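Engineer: Have a look at this one before I ask anything.
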Amino acid sequence: MDSPVTHPDVFVHVRIIIGMVLGLSISRLVTGLARFVQHPKRDNIYPIHIAWVLFLLVAIIHFWWFEFGLSAIHRWTFEIYLFLIAYAILFAFLSAILFPDRMDEYRGFEDYFQSRRKWFYGLLALLFIVDLIDSRIKGIEHFQSLGLEYPIRQLAFAICATVAVFVSSKRFQAVFVTVGLIYQITWILRLFDVLN
């Protein structure tokens, strides 16, 4: 016997809750960026930090766009709902790490970011793995429609983030975020320019 199909409004309900969590993330990042305009002499801009802020902004906007694929789910469970909330919370946590409430004990964003490097890159690696699970939840057809490039991309990003946890090279971090940001933008434009 087939499981009953979930009411279609469940998808809307879940998207609203995810949207609230993502709204907190975007708000944190935009407010953090505005700090540099409001007080340009108080905090020096650290290029690696700013590049990750931009990467995360693009990733959050992309996340909200591709989560429309959840409309294909016909039977919602609490486990799927909880997983999606946890996924959105990862974005909120990364955003909070990029822009802390206070910077008193640090000499600036470079000092702060490097002191929280392991946390940031560890959660970033987890984010890329969680995305694989999210794509699979949307159905095997959806997962396969992303092509072989998708799992390779996700694993490559996760591996690079894991390397950045253990290797403190600022050059590696700069190359990683630069290539990552360019690739993320081109990936979105190539595969997700139209909602399906």
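The values are calculated or read from the model by the stated rules, or taken from the named source; none is laboratory data. Worth saying up front: this structure is predicted, and the values here are computed from it rather than measured. Counting neighbours? That spans all protein chains shown, and the Cβs are built from the backbone with ideal geometry, glycine included. Heavy atoms of the whole protein, side chains included, go into the accessibility calculation; ligands, DNA and RNA do not. Shrake-Rupley method; radii C 1.70, N 1.55, O 1.52, S 1.80 Å.
Engineer: Looking for whichever is without any contact (Cβ under 8 Å) to a residue 24 or more places away in the chain, part of a helix (DSSP H, G or I), open to solvent by 20 Å² or more (accessible area, probe 1.4 Å) and farther than 19 Å from ARG42 by Cβ here; the options are ALA92, ALA156, ALA96. Which one fits?
Structural biologist: Going through ALA92, ALA156, ALA96 in turn, just one is without any contact (Cβ under 8 Å) to a residue 24 or more places away in the chain, part of a helix (DSSP H, G or I), open to solvent by 20 Å² or more (accessible area, probe 1.4 Å) and farther than 19 Å from ARG42 by Cβ: ALA156.
Engineer: Let me ask something additional. Got a number for residues in the stretch 52-65 being open to solvent by 30 Å² or more (accessible area, probe 1.4 Å) and either assigned to a loop (DSSP other than H, G, I, E, B) or of a type in the set (Phe, Trp, Tyr) (or both)?
Structural biologist: Result for the stretch 52-65: 2.
Engineer: In the list HIS49, HIS39, which residue meets the criterion of being open to solvent by less than 50 Å² (accessible area, probe 1.4 Å) and either at pLDDT below 85 or in contact with a helix residue (DSSP H, G or I) (Cβ under 7 Å, 6 or more places away or on another chain) (or both)?
Structural biologist: Being open to solvent by less than 50 Å² (accessible area, probe 1.4 Å) and either at pLDDT below 85 or in contact with a helix residue (DSSP H, G or I) (Cβ under 7 Å, 6 or more places away or on another chain) (or both) holds for just one of HIS49, HIS39, which is HIS49.
Engineer: Follow-up. Among what's in the stretch 134-149 and is part of a helix (DSSP H, G or I) and out of contact with any helix residue (DSSP H, G or I) (no Cβ under 7 Å at 6 or more places or on another chain), pick the residue that is nearest to ILE80 (Cα to Cα).
Structural biologist: ILE140
Engineer: Would you confirm whether or not the stretch 109-116 contains a residue that is within 12 Å of the chain's Cα centre (by Cα) and assigned to a helix (DSSP H, G or I)?
Structural biologist: Looking for residues that are within 12 Å of the chain's Cα centre (by Cα) and assigned to a helix (DSSP H, G or I), one finds none in the stretch 109-116, hence no.
Engineer: Does LYS138 satisfy being among the basic types (Lys, Arg), touching a residue at least 60 places away in the same chain (Cβ under 8 Å) and open to solvent by 50 Å² or more (accessible area, probe 1.4 Å)?
Structural biologist: No, not satisfied.
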